[in-house]
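Engineer: Sharing a structure with you now.
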Amino acid sequence: MSTKIFVDGMVGAEMLRSWGIWSVVLVAVCNLIRGADGQDSSKPNEAADAYTLRLPVDEVVLTFNAMDAHGLPINDLKAGEILVWDNGVPPRRIVAFDELLNRPIRAGILVDTSNSMQRALPGNRAIAEKFVQRILRQRLDEAFVSEFGYASELLRPWTGDTTLLVQGIEGASARANLPGGTALFNAVFRACFYGFGKVDPTATGNFILLFSDGEDNSGLTSLEEAASACQRSNTQVFAFLPSSVQDHPSTGPRALRELATKTGGQVFLASDSDEAIWKDLKTIESKMRNQYRIVYSPANSKHDGAFHEITLQPPDRVSRVEVRSGYFAPTQ
């Protein structure tokens with residue numbers, strides 16, 4: 001059995017000191033018990049080693065992608081080349097800088113089945129199935145499938161079985177549309193808060209594959225609230241937008257781009273050629289499997305629930321950096 005303690009974001013020094021004291025007491029008690037049982041304390045105790053106590057610290061974990069002028073990934077950045085600004089202030093200390101290569105991915109596939117998206121639905125299902133069948137690695141990756149209109153419905157929970165995922169995608173129709181309207185941001189919020197809420201945000205590349213025109217006319221959740229839930233779970237949003245609405249005067253396309261930007265994702269056109277769409281899917285895979293990770297201690301570690309805006313300043317050879325716009329400090 002393993003005892004693990006995790007706290008989102010940052011925790012105070014008082015908690016650290018408290019756990020430190022109890023850890024010393026626990027070790028002392030274990031030593032007394034071993035001595036009473038006549039065991040040799042110089043030999044490793046396998047049962048005792050099975051228990052792990054992880055102490056949380058005041059640290060922020062940040063993942064990002066770096067591209068050159070041609071949109072190609074840059075994979076040789078060094079820690080000294082990237083400057084971090086947390087609410088306009090440099091961090092107190094950079095704890096770690098890593099390059100994460102070929103790591104597992106976790107994807108939430110969200111399909112808009114509202115009335116305005118019915119004509120695009122067959123093409124969106126085809127893109128989602130291509131992603132599942134040709135990108136997802138069955139013994140390494142997992143995904144879930146949801147459809148949404150007025151309400152959202154989970155069609156397939158977390159699984160790495162591509163056959164089950166394809167069945168879930170093919171089941172996306174129009175069941176969630178009554179009484180009509182689209183609650184896009186509700187669906188994104190639920191996916192990030194509930195779908196990714198229990199997923200380790202640093203062990204895998206977490207993202208939403210979203211198929212929508214960006215219209216939200218019946219939800220109670222704002223774009224900011226949906227983006228906040230995704231930022232908390234370190235989940236990026238990659239959206240496929242119908243080309244018929246890319247230049248539409250409505251707010252939908254602009255909202256999708258803002259949501260993607262805030263979470264470090266990107267918007268693609270769902271009506272592009274098969275070759276272009278395959279390139280888009282490979283781009284998403286590359287960005288999520290291969291990332292940089294910075295762990296730092298912020299200069300301001302107040303537990304006030306405030307939003308911290310993050311800015312990364314790369315070297316001149318980096319043309320673009322994709323990173324979530326910030327994080328929320330914990331309240332405890």
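Engineer: Pop a pseudo-label 7 angstrom from the Cα along the beta-carbon direction at both Ser243 and Glu81 and give the gap in nm to one decimal.
Structural biologist: 3.5
Engineer: Need one number: convex hull volume per residue for segment 150-249, Cα atoms only, in Å³. Walk me through the intermediate numbers first.
Structural biologist: Values: hull volume 12.0 nm³, N = 100.
Considering the Cα atoms of segment 150-249, their hull volume per residue is 120 Å³.
Engineer: Separate question: Can you give me the % of accessible surface on segment 210-260 that is carbon or sulfur? Probe 1.4 Å, all protein chains present, nothing else counted.
Structural biologist: Taking all protein chains in place, segment 210-260 shows 47 percent carbon and sulfur surface.
Engineer: How many Å² of accessible area per residue for segment 165-260, probe 1.4 Å?
Structural biologist: 40
Engineer: Restricting attention to the alpha-carbon atoms of segment 90-139, what are Rg (one decimal) and Dmax (integer), both in Å?
Structural biologist: 18.2, 52
Engineer: Sticking with this structure for a sec: Spelling out what I want: for every residue of segment 145-160, take phi, set θ = phi - 60°, compute 6.51 cos²θ - 1.76 cosθ + 1.60 (Karplus), and round to whole Hz; glycine and proline get x.
Structural biologist: Ordered by residue, 3J(HN,Hα) equals 10, 9, 10, 8, x, 5, 10, 10, 9, 7, 8, 8, x, 3, 6, x Hz.
Engineer: So with the 1.4 Å probe, I'd like the accessible area per residue for segment 86-144, rounded to whole Å². Mind dumping the intermediate values first?
Structural biologist: Values: 2960 Å² over 59 residues.
Result: 50 Å² per residue.
Engineer: Can you tell me how segment 90-234 classifies by the Cα gyration tensor, rounded, prolate or oblate, using a/c under 1.5 as the rounded cut? Numbers along the way, then the final one.
Structural biologist: Working: a/c = 2.44, a/b = 1.34, b/c = 1.83.
Taking the square roots of the gyration eigenvalues as a ≥ b ≥ c, segment 90-234 is oblate.
Engineer: Glu99 label point, 7 Å along Cα→Cβ, cut-off 17 Å on backbone N: hits in segment 285-307?
Structural biologist: 286-295
Engineer: Please label the shape of segment 54-159 as rounded, prolate or oblate, based on the square roots a ≥ b ≥ c of the eigenvalues of the alpha-carbon gyration tensor (a/c under 1.5 means rounded; beyond that, a/b larger than b/c means prolate, else oblate). Before the final figure, lay out the partial values.
Structural biologist: Details: a/c = 2.11, a/b = 1.96, b/c = 1.08.
Prolate.
Engineer: Debye calculation, C-alpha points only, no solvent: report log10 I(q)/I(0) for segment 175-332 at q = 0.10 Å⁻¹, in the same order as the q values.
Structural biologist: -0.40
Engineer: Run the reach check for Lys302 against aspartates and glutamates, Cα to Cα strictly under 20 Å, same-chain hits fewer than 8 apart removed. What comes back?
Structural biologist: Excluding near neighbours in sequence, the set is Asp8, Glu14, Asp58, Glu59, Asp86.
Engineer: Pull out a ≥ b ≥ c, the square roots of the eigenvalues of the alpha-carbon gyration tensor of segment 199-257, then state rounded if a/c is under 1.5, prolate if not and a/b is larger than b/c, and oblate in the remaining case.
Structural biologist: Details: a/c = 3.18, a/b = 1.71, b/c = 1.86.
Verdict is oblate for segment 199-257.
Engineer: Which of the residue pairs Lys262/Lys282; Lys130/Lys287; Lys78/Lys279; Lys130/Lys262 have a Cα-Cα distance greater than 23 Å in the structure shown?
Structural biologist: From Lys262/Lys282; Lys130/Lys287; Lys78/Lys279; Lys130/Lys262, over 23 Å: Lys78/Lys279; Lys130/Lys262.
Engineer: Distance between the C-alpha centers of segment 243-289 and segment 63-115? Whole Å please.
Structural biologist: 18
The values are calculated or read from the model by the stated rules, or taken from the named source; none is laboratory data. All of these numbers come straight from a predicted model, not from anything done at the bench. Using ideal geometry, Cβ is built from the backbone for each residue, glycine included, and neighbour counts are taken over all protein chains shown. When the accessible area is computed, the model is the full protein with side chains, heavy atoms only, and any ligands, DNA or RNA have been set aside. Shrake-Rupley method; radii C 1.70, N 1.55, O 1.52, S 1.80 Å.
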